[in-house]
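Notes for the one structure printed next.
Here, each number is a calculation from the coordinates, and none is a lab measurement. Nothing here was measured: the structure is a model prediction, and the numbers come from that model. Neighbour counts are summed over all protein chains in view; Cβ atoms, including those assigned to glycine, are modelled from backbone coordinates with ideal geometry.
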Amino acid sequence: MAESLRVEKIREFGLYIGQEDPQLNGLMKALAAWLDVPMAFVSIVDNETQFFKAKTGFDGEEIDPEPSFCNYVVSNEAQLLINDALKSKQFKDNPYVIDAPNVRFYAGVPLKLDDVTVGTVCVLDTQPHNFTYKELESLSHVSEHVSQYLTLSLKHQQLVQERSFIDDTPAALIKWRYNMALDLQYVSANMSTLFNIPSDQLRDGSKSFEEFLDDKGRKELNFLLSNHLAGVATSEAQFRLVPAKGPERWVKLLSKSFYDPEGRLENIHAMLIDNTANRYFERRLNEANQQMRLVLEASGLGTWDWNVPTDTNKVNERWCELLGIEYANFDPSLYFWESLVHPADLKRVERELQAHMVGDTPAFSTIYRMRHAQGYWVWIETYGRVVERDSEGKALRLTGTHRDITEKKEAELLDTKQRQLLSFINKAQALYLNDKDLSKACQDILPELIEIADSQFAFIGEMQKRNGKDVLYIHAISELSWNEQSSELYKAYLRGELFFESLNNLFGRTITSNEVVLTNEPRQHDASKGTPSGHPRIMRFLGLPIRLQGNVVGMIGLANKLNDYEQSDATFLQPLLDALGALFYAVQLDKARIDAERRLKNMAMTDALTGVPNRRAFIERCQLLNDEGGARSVAILDIDHFKRVNDTFGHAAGDAVIKHLAESLARSIRSDDMVARLGGEEFALILNSDSKDKAHQRLEALRQEIEQSQVTFDGEQIGYTISIGALFIAEDEPANSDLEQAVLDHADKALYDAKKSGRNRVVWGT
């Protein structure tokens with residue numbers, strides 16, 4: 001770990017010499033009392049000194065870190081347990097051992113903040129102890145709690161600073177939680193000073209926010225809520241705040257919504273800004289509206305004048321020109337206008353129009369797409385107002401303008417899409433790095449891919465080997481439950497088992513050619529093989545190869561864009577293809593690394609001659625069994641007069657005998673037992689859950705089997721016997737921190753007794 005990173009993290013958390021924490025001091029006192037030691041520290045090690053965030057039993061504020069035990073823990077990022085420092089080759093000459101404070105016992109674990117080791121949690125004594133690694137594990141839990149405490153302390157400081165900043169801003173902040181209704185969760189204190197609305201009464205629930213709104217204000221708030229329920233991420237509203245005392249204030253409310261993973265509205269965060277001065281100018285603007293209408297008629301903009309009761313819309317020639325419509329063929333009905341609006345925009349535009357007609361908004365101002373007579377879509381900016389109402393306030397007539405903003409809008413959309421694409425790529429990489437699950441990352445980004453590509457369907461696939469054949473494995477795909485057959489395919493995908501084996505088709509052409517496949521008439525493409533029965537019609541298709549070092553390793557398939565696919569679509573998505581290629585490569589590297597680690601570990605734990613576990617594996621298994629408990633028998637056995645075999649038949653024959661014994665032992669054990677070669681002709685057995693009598697029967701049967709067997713080597717028949725020393729460990733026997741040594745001591749002694757008493761027998765130790 002880089003020292004600079006540790007120092008940076010210490011400064012980030014505000015950890016300085018002389019700033020002990022009373023809460024942590026209390027924790028260290030309790031820890032020292034619990035473990036029966038005089039000293040306990042939360043120590044911090046920077047590049048110059050070791051100091052204490054909390055301590056008990058020690059008066060100093062800092063020490064030299066170079067010889068300290070804590071510096072060893074921090075440098076190695078590992079636990080350290082020294083029961084008697086005078087018996088430790090590494091630390092017996094340490095100045096803190098031979099001089100004050102004369103440390104004899106030390107137990108310390110790393111203290112991590114954001115996965116960076118910055119110090120230790122440790123206990124010390126001037127007397128030796130007999131701690132176990134289980135007690136050290138408990139110390140690790142304390143360290144985790146200290147880390148959590150320091151993290152929460154930092155967040156608390158940040159929140160205090162943030163709240164102070166919020167209270168000084170010229171805008172009030174509100175947070176609602178939605179559960180079938182708006183529930184006020186937070187309101188900033190400056191609500192009182194800015195708008196004379198008592199923030200404390202809003203917080204304690206004695207007053208509701210809606211009490212300070214008039215009828216139109218409550219409608220505006222409800223309309224804002226309906227927008228967020230419909231999936232609108234940000235919204236805006238204007239209304240009056242009517243305090244119990246003081247003047248009314250016009251406010252603008254800017255809101256942002258937050259949703260759960262299922263898309264249900266959870267929270268709304270809003271900012272209130274004083275808009276009283278702007279309303280004054282808005283009234284002055286209304287007075288000039290009629291004059292402005294005449295100016296607009298002469299400006300070259302498209303104008304419209306809609307008589308609501310008669311459903312008659314009068315437009316000028318420019319309005320028709322914007323859409324390529326012959327003026328003489330214009331249909332004045334609302335239905336005709338609706339038929340030209342893009343289906344994806346129609347409902348929103350109708351809502352906005354209706355909101356203005358009932359008086360909820362000051363104007364009808366919106367941007368949407370309309371179909372040109374030549375078949376493409378143009379972006380239209382519309383502004384209009386109600387200019388006549390009846391005695392009940394019902395809208396009778398609206399007038400407004402149309403303006404073609406296609407060029408501007410497409411430039412904005414391109415910029416937005418480019419930013420979305422960058423965010424999209426970063427998200428895909430972050431999802432994989434977080435979970436190391438490529439399929440999950442692809443599945444999470446698929447909806448955004450469909451949106452950014454303006455497509456109806458999509459899939460992401462990776463080339464893999466299956467039964468020696470190249471296949472396309474599908475990481476993510478749009479739901480394809482169109483009929484029974486396709487439903488089964490989708491179920492296979494959900495199980496992670498969807499492979500496209502045939503590449504002799506339209507999407508397969510992308511793989512086989514390693515080129516972009518673009519067609520807006522799939523049925524006419526020479527690679528098209530049609531679609532399965534019940535499959536939605538594929539009207540347009542874009543296949544994009546994912547390459548690595550020039551070779552195709554996967555693809556993205558897109559279908560049914562509203563407009564034609566163009567080469568620019570492929571160019572635009574190329575950074576995503578490059579990113580996915582890099583992710584595929586990262587997955588390959590991860591798989592190779594894991595496989596290599598597995599093979600190395602297997603080699604380290606396996607005896608090369610016999611293929612059974614080695615002494616190291618036996619020791620690890622003993623440690624695991626010690627932690628788990630349970631009845632078991634452990635036996636050590638070796639070949640009687642093995643030297644005679646080597647001297648008589650040669651070492652190769654000796655190896656053959658050893659291998660024969662290993663094979664016999666492996667056949668004799670059950671799935672939860674273990675056989676290991678300790679070295680030379682010596683083996684060990686672990687028999688789980690058997691009583692001593694049953695274990696004896698098994699060992700005796702094994703001894704007899706070996707006695708009756710022979711090894712054939714170079715035409716010679718070699719017979720041999722084994723001696724077995726065994727040890728039974730009862731289920732209720734206390735844990736032994738050095739079980740393997742106990743086995744070697746007791747079982748080995750039993751083995752010695754077996755040989756001393758004549759060999760070729762089983763002897764139990766105690």
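Points worth noting:
- Nearest-0.05 FRET efficiency for residue 326 and residue 230, computed from C-beta distance (R0 35 Å): 0.40
- Taking only the C-alpha atoms of region 169-281, Rg followed by Dmax gives 13.7, 44 Å.
- Each listed q (0.14, 0.17, 0.19 Å⁻¹) maps to a log10 I(q)/I(0) for region 3-162, found by the Debye formula over equal Cα scatterers with no solvent: -0.65, -0.96, -1.22.
- Mean separation of Cα contacts under 8 Å (6+ apart) over length of region 288-404, as relative contact order %: 27 percent
- Exceeding the 32 Å Cα-Cα cut-off - candidates 256/591; 256/408; 529/561; 9/252: 256/591; 9/252
- Estimated [θ] at 222 nm from DSSP helical runs (n ≥ 4, -39500 (n - 2.57)) normalised by residues in the chain, nearest 500: -13500 deg cm²/dmol
- Taking the longest Cα principal axis of the chain as reference, the axis of helix 343-357 is set at about 50 degrees.
- On the basis of the beta-carbon distance and an R0 of 51 Å, residue 259 and residue 135 show a calculated FRET efficiency of 0.60.
- Between residue 597 and residue 655, the simple spin-label model (points 7 angstrom out along Cα→Cβ) gives 3.3 nm.
- Inverse mean reciprocal Cα-Cα distance (Kirkwood Rh) of the chain, Å: 35.2 Å
- Nonlocal amide H pairs with residue 764, under 5 Å, H built at 1.01 Å: 726
- Degrees between helix 615-628 axis and first principal axis of the chain (Cα, 0 to 90, nearest 10): 70 degrees
- Between residue 89 and residue 307, the simple spin-label model (points 7 angstrom out along Cα→Cβ) gives 10.7 nm.
- Förster radius 41 Å - calculated FRET efficiency between residue 448 and residue 151 (Cβ-Cβ, nearest 0.05): 0.80
- In this structure the amide hydrogen of residue 308, modeled in the peptide plane, comes within under 5 Å of the amide hydrogens of 397, 398, none closer than 5 places in sequence on its chain.
- 0 to 90° range, to nearest 10: angle between helix 3-12 axis and the chain longest Cα axis: 50 degrees
- Distance between the modelled labels on residue 391 and residue 211, one decimal in nanometres: 3.8 nm (7 Å Cα→Cβ projection).
- Potential lengthening between residue 464 and residue 494 on full extension [0.36 nm per residue; Cα-Cα distance subtracted]: 9.0 nm
- Structural descriptor for the chain: relative contact order 5 percent, calculated from alpha carbon pairs under 8 angstrom and at least 6 residues apart.
- Normalised contact order of region 169-281, rounded percent, pairs of Cα under 8 Å and 6 or more residues apart: 27 percent
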